1. Go through region B:214-247 residue by residue and tally those that are in a helix (DSSP H, G or I), touching a strand residue (DSSP E or B) at 6+ places or on another chain (Cβ under 9 Å) and among the polar types (S, T, N, Q).
2. Any idea which residue in region C:31-59 is nearest to C:THR375 (Cα to Cα), counting only those that are of a type in the set (A, V, I, L, M) and at pLDDT below 90?
3. Scan region C:271-285 and tell me whether some residue there is assigned to a helix (DSSP H, G or I) and without any contact (Cβ under 8 Å) to a residue 40 or more places away in the chain.
4. Within region B:164-220, track down each residue that is of a type in the set (Ser, Thr, Tyr), under 26 Å from B:ILE144 (Cα atoms) and in contact (Cβ under 8 Å) with a residue 60 or more places away in the chain.
5. Tell me the residue from B:ALA465, B:ALA475, B:ALA479, B:ALA471 that is more than 11 Å from chain A (Cβ to nearest Cβ) and at pLDDT below 90, please.
6. Looking at region A:22-44, which of its residues are surrounded by fewer than 21 Cβ atoms within 10 Å (Cβ to Cβ), over 29 Å from B:ASN37 (Cβ atoms) and either within 19 Å of the chain's Cα centre (by Cα) or not acidic (Asp, Glu) (or both)?
7. Is there a residue being at pLDDT 90 or above, in contact with a Leu (Cβ under 9 Å, 6 or more places away or on another chain) and within 30 Å of C:PHE101 (Cβ to Cβ) anywhere in region C:129-141?
8. Residues that are within 30 Å of A:ASP28 (Cβ to Cβ) and touching a residue at least 60 places away in the same chain (Cβ under 8 Å): find the helices (runs of 4 or more DSSP H) completely inside region B:29-110 holding 2 or more of those.
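The values are calculated or read from the model by the stated rules, or taken from the named source; none is laboratory data. Everything quoted here is computed from the prediction, not taken from an experiment. Reconstructed Cβ throughout: ideal geometry from the backbone, glycine too, with neighbour counts over all protein chains shown.
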Amino acid sequence: MSQTEAKTMTIEEPTEGRKLLGYLLEFDNVDDLTHGAEKVRDAGYSNWDCHTPFPVHGLDHAMGAKPSHVQWIVLACGFTGLLTGLFIQWWMNAVVHQGNVVTGYQYFISGKPFWSVPANIPVMFELTILFSAFASFFGMLGVNRLPQYNHFTMYSERFGQVTDDKFFISISSEDPKFDVGKTRDMLSGLKGTYLEVLED
Amino acid sequence: MAKTLTKPLSQLSTELDNTRDQISQPPLVTGGKTFGNITEIVARVAEHPSAPKAWYVAFAGAVMLFGLLFAMLAYLISTGVGVWGVNTPVAWGFAIVNFVFWIGIGHAGTLISAILYLFRQKWRTGINRFAEAMTIFAVFAAGIFPLVHVGRVWVVYWIFPIPNQQQLWPQFRSPLLWDVFAITTYLLTSLLFWYMGMVPDLATFRDRAKTKVRKIVYGLFALGWRGSNRQWIHYEKAYLLLAALATPLVLSVHSVVSFDFATSQLPGWHTTIFPPYFVAGAIFGGFAMVVFLAVPARELFGLKNLITLQHFDHMNKIIMATGMIVGYAYAMEFFIAWYGGNPLETFTFENRATGPYAWAYWIMVTCNVFIPQVFWFKKARTNLWVMWIVSVFVNIGMWFERFVIVVSSLSRDFLPSSWDYYTPTWVDLCTLAGSFGLFFFFFLLFCRYMPIVAIAEVKGVLPEAHPGHGAHAAAEAKA
Amino acid sequence: MEATVSAMAHSHGITPEQLRKDNPFMGELAKIGPIALVVAVVLFAIGYLMSGADEHQRFFFSYIHNYVFFTSISIGALLFTLVNHVARASWSVVIRRIPEFFAGSLWMMGIAGLPILIMVLTGKVEVYEWVNIGSWIHGAEQQIVQNKEAYLNTTFFAIRYFIYFAAFFLFGRAILLNGSLKQDNQPDGDEKDRGTMRMWQLSAPGLVFSFLLMTFFAIDMIMSLDPIWFSTMFGVYYFAGAMIGFFSTMILMFKWLQSTGRLKEAVTVEHYHDFGKFLFAFVFFWGYIAFSQYMLIWYASIPEETRWFHIRQNADWTPLSWLMLFGHFALPFAFFISRYIKRHNGLLAVGAVWMLVLHWLDHFYQVVPEYQRITGVQPGGGLGAAFDISEIICLLAIGCFWFGAFMVTAGKNPIAPLGDPQIAKSLKFDNVKV
């Protein structure tokens, strides 16, 4: 809304003797956030992130973030589901095992062969979807390391607004390029509204 | 915030018409709302100290009906299926009719969430959460019926492929077993989809929570979501994949339900168009249920700026379109029943339209094909009373569609000497009423305590959510 | 890869003014139109004269096969255009003119179908057995088909034929194509907007009628080749194939136009990506419909229904049935699921060619086994013997006619809707993260 008018940024000072966890810079619109992210990306940071109430178009590129590869997990699981569906139906209805092995059970139904694949397609399909759906959800959680109830951004008082209408850039002090002074100077040059120092 | 909470929710929104057909499409969110407003509008529903009076009345009614369902099921299980009106030849009565009806209702949620998502229909964001919740509770209601219809409900686990002492396995060539897999998959996938979409909104509730209980409960379920873009990347991909998986799933579920009928040789059941016809019918009935619930909900909870007339306009168009697909299927069935030249088939269709169940057939045709035609008129599509009444008719019509398929075909089967008229007993009727109790019980709780509109997604369709569109587009939207 | 990269560079879009400079005309290419029509007539004459030995019986099966194949693509274009108007879609505006030309030339397929109509009306060649129930159908079947005579008779066939193409002319040419052409040089303003809104409104009933007419067209042309057999799904099955044919054609059409230097900036990888997505969706939909139809008939196992599949999955036709399962469904499903392929227009074009060939074979599979049933000829030499040279001649003849009709319709008109009120919005389209 206010790309042209100058922003005044409130800047906090680090406290002596407390462990510095990182910086958190607040923005009030997506344009400033996106431009800010480009600057942080170009400065070569790696352990940093943007936080937004909703996914922002073009931010991945501005951050230089790699696309997701969750689909490969889903594909592998979906294929497993398909084969599982095929296998259980063959094993349970199409063959009878001998000896001490648990046997399948052959039903003679409406003159169809014991192994009639057209009738097995629906279950194969459903299991493919079931396995894939679990893979997308749990695969996403795994890749994102969720649930995670402890993160340095949660030390902030203001960070709660990220799920409302504020946008943030966080830089962890564990980033190899992190420097108390330089990082702060870099961040204070962006169009943020509040630079918070996160301490233990 | 404190100020808004002193007023009843229903007085907190105003009706604005955003349905004008114009080249530059009118905004989806009316009243020039900001990101903060959207959070506020949705969150205050769950945070308001008291729900609207109508909510309490409805909830009391739902609890009573839910209790009735328990009583009926207890009576059924302790006495036997003889308490129902099923006879020979109509061995499938209300239980199957209700099952198919509720499963059908459960299709709109996934359609809105998944198919409209893939088609980039942004208007889905106002109503998807709502419809997804509806899906899940409708599947609960549907699941009750086959469960008790098996007779000995205590051994119902036999339908799953679990090793047992008789060394028997399920019979996988049976469409009823396909149903078990289809419905289970559908329920689980819909739950995941619903929950996953809700995670960012639960985080919003967590961050606004004032009491300890709320903080812990919402906090736990929000999984520590912090809106991180590195997480959004995977989240969005996974959501897209779930949508892409749910789309064929939603087609398959009602197709499999239709296979229960269509794989048989019974005239009126065995016809190849059944799978897509059932899917279209399910979407039709499901959308009608969404309209039926959304009209009062937006009124009571002050959501008029998020669920706008434009949303209803779109939904009513879909109701009309799917109603016409259903009409197409009725017509094809009739045409081919004659064209196919099979006398049994021809008789069945004549019997439907003129036989003892003709009354049910004509209720079905009237409600499903004729009444939705009012939606050709925009006045009807944007009038809340008209659409609400039509949605009631459509639901009645869709229930009767299943009744016609199940009962009229069975009651006059191949052997005239065994023909019989099916009449439901009071237990049948009370169980049907009770299933509505179950559905509304869960649905009303959802409305009261969960994010009823997808907060994050609605924010995403505001013009200022897109970099570069910011100032200019926002000003345009307000104008 | 190169193509992908160069198209990516333009994904931020161009302006309507730049579009006007992006060579949006057929120009020299329009000359192909009349030539193709003449070639079509010559080829038809050659094919017809060459096939006198069996009174043109085999020739007409080839003709019907190729005729329903090319018509399906244009019907797909008509339905696509109608749906996009109904949905008020803006993404598709820039590519909408090509489907509009196909939809606008669909009525000309009514001319291409005249040999079939004449063959039915004169009743000399045994192709549609119901044309002469008394002498071409025997035994118990005769009574069954006689009961259908109210529908299956030559007069009503001709009337329906006329209705189909009159309606296709009305919707495809008079409403959609003319409405869109009119906007090309119209000044911006309310009147132009009203034109778009009129098309939006008329497209809803247009869609209803077109779908119904398409269903009966498929029943008349293909399903009634076996007057006993029936399937309520058949119209939907034809529809699924038509959309596959249409989207494949769109991919190849734009690839060809761009390779001749037309619309190089306007049509981007985003549009190919969407065609790819639609193609993938309809491959799946076709699989769903084909499987449902097959499985239900297989499961119930009623003789008057299974007879259709019985011919097609036995003896010489077995490989073709398997090819439908794997070549028309499984393989393309796995191929088009990849985003990389959908955004790589070289690979996408390979997939499109494959789907067109398979769609053609799908119609071969639907039509030609009926020749075997009627004549009782057992080729016995595999699929090759079931094939006939007339297939190729008809493919070229009707293909030339169909393409010529398209080119004549395009003529001097712009090949993108330059004046559409939504054109600017459409040019900005980017679909990776919408």
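1. Here the count works out to 2.
2. C:ALA53
3. yes
4. B:THR185, B:TYR186, B:THR189, B:SER190
5. The match here is B:ALA479.
6. If the condition is that a residue be surrounded by fewer than 21 Cβ atoms within 10 Å (Cβ to Cβ), over 29 Å from B:ASN37 (Cβ atoms) and either within 19 Å of the chain's Cα centre (by Cα) or not acidic (Asp, Glu) (or both), then A:LYS39, A:ARG41, A:ALA43, A:GLY44 are the ones that fit.
7. no
8. B:35-47
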